[in-house]
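Reviewing the structure listed below.
The values are calculated or read from the model by the stated rules, or taken from the named source; none is laboratory data. Everything numeric in this text was worked out from a predicted model, so none of it was measured. Heads up, the Cβs are rebuilt from the backbone with ideal geometry, glycines too, and the neighbour counts pull from every protein chain shown.
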Amino acid sequence: MTENLETIISVIAETEKAFFYRLSNAATRDDLEEIRIEYLSRKGKVQSLFSLIGKVDGVDRPKIGAELNRVKKAVQDAIDEKQKSFQRTGKAIEFFDPTLPGRTVSIGSLHPLMQVMDEVKQIFVGMGFRIEEGDEIETDYHNFEALNIPKHHPSRDMQDTFYLSDEYVLRTHTSPVQIHTMEDQKPPIRMIAPGRCFRKDTPDATHSPTFHQVEGLCVDRGVSFADLKGVVLAFAQKLFGKDVKVRFRPSFFPFTEPSAEYDFSCIFCKGQGCRVCKDTGWLEISGAGMVDPAVFGFVDYDPDVYSGYAFGMGIERIAMLKYQVNDIRIFYENDLRFLKQF
Amino acid sequence: MKVTLNWLKEFVDFSLSATQVADALTMAGLEVEEVYTLERNFSRVVVGKIVKSQKHPDADHLSLCRVDIGGNILPIVCGAPNAYEGLKAPLALDGSVLLNDLKVETQKIRGFESQGMLCSEAELGLSERSEQLMELTADAEVGKELGQYLGEPDIVFDINVTPNRPDCLSVIGIAREIAAMTGSSLKKPELNITAIPDAIEKYMTVDIKDEERCFRYSGRYLRDITIKPAPFWMALRLHAVGIRSINNVVDVTNYVMMEVGQPLHAFDYRLLEGKKVIVRAAEAGERFTTLDGQEHELDQDSLLICDGVKPVALAGVMGGLNSEVQPDTNTVFLESAYFEPTNIRRTAKKLDLSTESSRRFERGIDPNGTIYAMNRAASLMVDLAGGHVVGDAIDNYPQKVTPVEIDLSVHQSNVWLGVSLKKEQIAEILSSIELSVEQKNGDTLRAIVPTFRPDLTRPIDLVEEIARLYGYDNIEPNVAPRIDQLQEANPRVLFRDFVRQTVSGMGFRETCNLSLIHKKFGHEFLPQKTGFVELLNPLSEDLGVFRPNMIVSLLTSVAYNRNRQMHDMRLFEIGNVAWKEDGRSVKTEKTQIAGILAGHRQENAWYGKAKEFDFYDIKGVVEGLLAKTGIEKFEQESAHDVFWDAESSKVIVDGKSCGAFGKITDDVLTLFKIKTNDLFAFYFDFDKLFENCRKEKIYNPVPRFPSVPFDLAILIDVNVSAGSLEKEIWKSGGENLVDVHLFDYYKGEQVEAGKKSVAFSLTFSSKERTLSDDEIENVIDQILAHLSGQFGAQLRDR
């Protein structure tokens, strides 16, 4: 008795379909092995289908044979493929959700002011300056007198000072570190003094009773105003980019002569004039100058042999420009929503 | 210091625009902070002429005027005292708007119609004089717009004059700078005083008792003075530079002070007794009332101007109430003196009385300029107050100040500036600011400095002038590196940054807090037997003392964030702290690093429930930080006041306390209004860490033989600390014990009461060989025997 060709074809298709259904449910290597034996072993379901060849007419046999070979190969391939995927994952390919949040790692950060300070320090260290430190509580002598700011002199009005006693003040600038350094060392001196300073300024958008400065000093034979301009220019361009220009304007500080205020060309409008630079094209940065020979007198340096330059800058000012912060007080609030941005 | 464009133009010719002048002054060191045109706050105001004026029948202070505005005569009711016939005054027409949006309309005033308003200078915003109608000159064209009559409004420069430039606290001083910049010269008019011949001694003599503090005292006597308002042009200029107009005599003294920089004082001669002026030091406790009505108690630091009987002025600061010019003053004694700067500053500071006069004296005026200023004022008083100068000038000048001579090396100047200017160029620059320059031999120049520049005494002072006038812009920056000046790194700074990086790497955010705090937050944090470093002049009590511990700062930040619904945080900061040892004035300042954990280590998450921080979190941070700095081992000692007694520990390295960590007490949290008690903190004396940190890293060979792990569980009394167990294990573990790790700690049902089980994982390793099982067993037995001896420990599991 010969079976109907269509019937046999459909039996083959059913077997194939059943196989793929079983395979899709295979969760482990054992499951897979079981399925392999069930279908591909000598008495397996695929092998047993070959016995159906004899049940059809001779003309149809090659057709059935080809179909059976195709199914056998498909089953073998699918099992191999599944085998490989098990090798990759070690387990079943079930639904895995890679979009679940990862386990939280606590993220720390450095304060924006300190980041700016670090950057400034790095630039000057790169130019061969040594970083020196000093106390925040200073003697009147080191904070003022040795910097050529005598008692009862109008130049004391330039800084409002917190006094602890007749003798001690909270340093109003980091310049006393320069005095200590010159007292302890002989030229060549090439140093910066980063640190915290204090002035009796009522807090507002641009004033804080605590603030940070970096001041620099270089003393050696033949140090000139042109050297000072060079260092400040190099610093400006390292900090804000190669196209920044620097402008020096004459000014007055008791400890420098000639004295200057220096400005950077506006980093926002490239010197064209904008709201930030009040249409001047320039941003006021800070003061600088050649060390006044009177200061050398206090530290026993011979002004006929040595000359030097000094410069300062406010870290808050630079940070406000860099991060476009318009109120200095936010730096000292330490709001996490602010700190997280840096 | 304010000056106006027109005022400057009286003394120097220039064609620069106002903006160009401002830029040039700024680049020459006179920073122009603001340039503005004087505002005209009025419209529809014309020149009117009062052709008829009669009293209001029912109101004494009102006049009924008829005012000619050129072709039209308007009825005007006016309340000013000077609304007399023939006066030309500004008339605001119906519909005009004046200062402060005052609208003028036709209205009835006390029964009479007024078709406008006759105006004072104040109503027009031209000065603050409001008592009288503004008086226009006789040549004013009736009916003309007032704005046209006044001409172009003047322009004001507000200049920030640095303390070294007293000469620029004057119009002439600034004009001199403009002359130098533009290559023109200063026009300083000659003054000719015509005096009524008489012997001045008949009227006044001057006796300087204190020549150290009064170098020079000049004076003039004037009579036939009529006190009245100063003319409009003078009031306008004074108003423009911020000085209130008083009357013609006082205004002249102020006007000349602004013009030439010499403070002047006019006494009512009638009120000076004994026909003499004595300059002397005040006596301790002497009382004196200045013309602002304030009474001051003086000491010997202050200098007084006295007549034959009483003090009449506080020298250099302010005149006396008892001798000021009165409405009926008809004779005036005019003072023009030079006082020693430091003394004036001391007095002004002590009495908190800074005036335009003291500001100039304390910076140093020109001692050789008293006569010029005095004569300028006298001639103005003659012109404006109808006065007559009587006799010669008095000039008592015991301390003659002569011009300073400075020798300058051209080479030295060029080295300092990094330029190569020629001797002639330098001479030209210095001459432009009125220094006389002699070209001496070779490299040297001699400059003779006029006495109005007290800031120029040394060669370097001249170098600054040269740089300033040559132009800072023209000095080329030198960017060549100086390898020979390179310096070594500072190890403390490197360590500080390393520690900051380490702690932030452990998930902490760096904060930056103010160093000043309110006392109440600091008490708990002061070391024993110390007090606060207190400010003598704090901004407020909230910022009254220096912080004694960095934890105070961190708590401030936690409280700030907790108030803004942020609960969990890890913060740290390195900063300076300070205190005073009891009974001593010497302060102790230290650098500290502190960190704080607040809230939860982990939030509620899909992989686990939220976990609060505990003591062992902060301890882990401390251990991590110390390990990272190369401090592998530290001792613990209990209790620190800032922390809970139980959950706290000192950190002892090499026998010395370096810091502490633990749980913050409820008392402290209440102070900061922090409502949960889940805060743990640590702090270290930064320099102790630095002292003990690993300075050099030297390679320690990695073991080449396998290490052997061994787990050991011990039963022991509950009150034996894990730390002491670990210490004894190390002690008894022999040379091959390389690691001790506590991995289980159990109290409860599984062990007998009063006991706990502690399990350690030990690692053994030898540099020379593979260790045998027997060797390990022996060591374990040794350890067990030791622990049993020390603590009665029993083996639980091996």
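Exactly one residue out of B:ILE448, B:ILE466 is under 22 Å from A:MET290 (Cβ atoms) and among the hydrophobic types (A, V, I, L, M, F, W, C): that is B:ILE466.
In the stretch B:105-133, the residues that are without any contact (Cβ under 8 Å) to a residue 12 or more places away in the chain reach residues that are among the aliphatic types (A, V, I, L, M) with C-beta atoms within less than 8 angstrom, at least six apart or across chains, in these pairs: B:SER130/B:ALA122.
Pairing each residue of the stretch B:723-751 that is under 18 Å from B:SER765 (Cα atoms) with any residue that is part of a loop (DSSP other than H, G, I, E, B), provided the two are 6+ apart or on different chains, yields C-beta distances under 7 Å for B:ASN736/B:SER765; B:ASN736/B:SER766; B:ASN736/B:LEU771; B:VAL738/B:SER707; B:VAL738/B:SER765. Of all residues in the stretch A:221-277, those satisfying the criterion of being within 8 Å of chain B (Cβ to nearest Cβ), part of a strand (DSSP E or B) and not hydroxyl-bearing (Ser, Thr, Tyr) are A:VAL246, A:ARG247, A:PHE248, A:ARG249, A:PRO250, A:PHE252, A:GLU257, A:PRO258, A:ALA260, A:GLU261.
Could you pull out the residue among B:ILE344, B:ILE305, B:ILE365 that is among the hydrophobic types (A, V, I, L, M, F, W, C), part of a strand (DSSP E or B) and buried (at least 23 other Cβ atoms within 10 Å of the Cβ)?
One residue alone meets the criteria, B:ILE305.
Here B:GLU488, B:GLU524 are screened, and the one residue that is more than 8 Å from chain A (Cβ to nearest Cβ) and charged (D, E, K, R) is B:GLU524.
Exactly one residue out of A:ALA310, A:ALA288 is assigned to a strand (DSSP E or B), of a type in the set (A, V, I, L, M), closer than 26 Å to B:VAL415 by Cβ and away from every other protein chain (no Cβ under 11 Å), and it is A:ALA310. Among the residues making up the stretch B:523-550, those that are assigned to a helix (DSSP H, G or I) and touching a residue at least 12 places away in the same chain (Cβ under 8 Å) are B:GLU524, B:PHE525, B:GLU541, B:ASP542, B:LEU543, B:MET550. Going by the structure shown, is B:LYS633 closer than 22 Å to B:THR502 by Cα and part of a loop (DSSP other than H, G, I, E, B)? Criteria met by B:LYS633. In the stretch B:592-618, of all residues being under 28 Å from B:PHE546 (Cα atoms) and of a type outside the set (Gly, Ala, Ser), the one that is surrounded by the fewest Cβ atoms within 10 Å (Cβ to Cβ) corresponds to B:ILE593.
Cβ-Cβ distances below 9 Å connect the following pairs, each with a first residue in the stretch B:694-719 that is touching a residue at least 40 places away in the same chain (Cβ under 8 Å) and assigned to a loop (DSSP other than H, G, I, E, B), a second residue that is surrounded by 12 or more Cβ atoms within 10 Å (Cβ to Cβ) and among the β-branched types (Val, Ile, Thr), and a separation of six or more residues or different chains: B:ARG694/B:THR629; B:ARG694/B:ILE631; B:PRO703/B:VAL738; B:PHE705/B:THR770; B:PRO706/B:THR770; B:SER707/B:VAL738; B:SER707/B:THR763.
Per-residue answers, yes or no, for (1) assigned to a loop (DSSP other than H, G, I, E, B); (2) in contact with a Lys or Arg (Cβ under 9 Å, 6 or more places away or on another chain):
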position	(1), (2)
B:GLU33	no, no
B:TYR36	no, no
B:ASN41	yes, no
B:LYS52	no, yes
B:LEU64	no, yes
B:VAL67	no, yes
B:ILE76	no, yes
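So for the stretch A:89-107 (the condition being over 45 Å from the mean Cα position of the chain (by Cα) and either of a type outside the set (Ser, Thr, Tyr) or not in a loop (DSSP other than H, G, I, E, B) (or both)), does at least one residue qualify? No: zero hits.
Each row is one residue, and each column tells you yes or no for (1) crowded, with 18+ Cβ neighbours inside 10 Å; (2) without any contact (Cβ under 8 Å) to a residue 24 or more places away in the chain; (3) at the interface with chain A (Cβ under 7 Å from one of its Cβ atoms); (4) within 34 Å of the chain's Cα centre (by Cα).
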site: B:GLY471; (1), (2), (3), (4): no, no, no, yes
site: B:VAL479; (1), (2), (3), (4): no, yes, yes, yes
site: B:ILE483; (1), (2), (3), (4): no, yes, no, no
site: B:VAL493; (1), (2), (3), (4): no, yes, yes, yes
site: B:GLY505; (1), (2), (3), (4): no, yes, yes, no
site: B:ARG509; (1), (2), (3), (4): yes, no, yes, yes
site: B:SER515; (1), (2), (3), (4): yes, no, yes, yes
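Here the condition is being of a type in the set (D, E, K, R), touching a residue at least 40 places away in the same chain (Cβ under 8 Å) and surrounded by fewer than 21 Cβ atoms within 10 Å (Cβ to Cβ); of A:ASP335, A:ASP327, A:ASP279, it holds for A:ASP327 alone. The residue pairs whose first member lies in the stretch B:569-594 and is facing chain A (nearest Cβ under 10 Å) and free of Cβ contacts under 8 Å to residues at least 12 places away in the same chain, whose second member is assigned to a loop (DSSP other than H, G, I, E, B) and surrounded by fewer than 21 Cβ atoms within 10 Å (Cβ to Cβ), and whose beta carbons are closer than 7 Å, counting only pairs six or more residues apart or on different chains, are B:SER585/A:SER165.
Taking each residue of the stretch B:417-435 that is more than 13 Å from B:LEU469 (Cα to Cα) and modelled with pLDDT of 95 or more and looking for partners that are polar (S, T, N, Q) and not in a loop (DSSP other than H, G, I, E, B) with beta-carbon atoms closer than 6 Å, six or more apart or interchain, yields B:SER420/B:ASN414. Taken together, the residues in the stretch B:498-522 that are under 23 Å from A:PHE211 (Cα atoms), part of a loop (DSSP other than H, G, I, E, B), of a type outside the set (S, T, N, Q) and in contact with a Lys or Arg (Cβ under 7 Å, 6 or more places away or on another chain) amount to 1. With respect to being at pLDDT 90 or above and within 30 Å of A:SER251 (Cα to Cα), B:VAL35 fits the description. Might you check whether a residue that is closer than 24 Å to B:VAL558 by Cβ, under 44 Å from the mean Cα position of the chain (by Cα), assigned to a loop (DSSP other than H, G, I, E, B) and of a type in the set (D, E, K, R) occurs anywhere in the stretch B:608-626? The answer is no, given that none of the residues of the stretch B:608-626 is closer than 24 Å to B:VAL558 by Cβ, under 44 Å from the mean Cα position of the chain (by Cα), assigned to a loop (DSSP other than H, G, I, E, B) and of a type in the set (D, E, K, R). The set of residues in the stretch B:350-362 that are small (Gly, Ala, Ser) and part of a loop (DSSP other than H, G, I, E, B) contains only B:SER354. Could we say that A:TYR21 is at pLDDT 85 or above, loosely packed, with under 10 Cβ neighbours inside 10 Å and farther than 30 Å from B:ASN604 by Cβ here? For A:TYR21, the condition - at pLDDT 85 or above, loosely packed, with under 10 Cβ neighbours inside 10 Å and farther than 30 Å from B:ASN604 by Cβ - is met. Among the residues of the stretch A:149-160, those that are within 11 Å of chain B (Cβ to nearest Cβ) and either crowded, with 17+ Cβ neighbours inside 10 Å or at pLDDT 95 or above (or both) comprise A:ILE149, A:HIS153, A:PRO154, A:SER155, A:ARG156.
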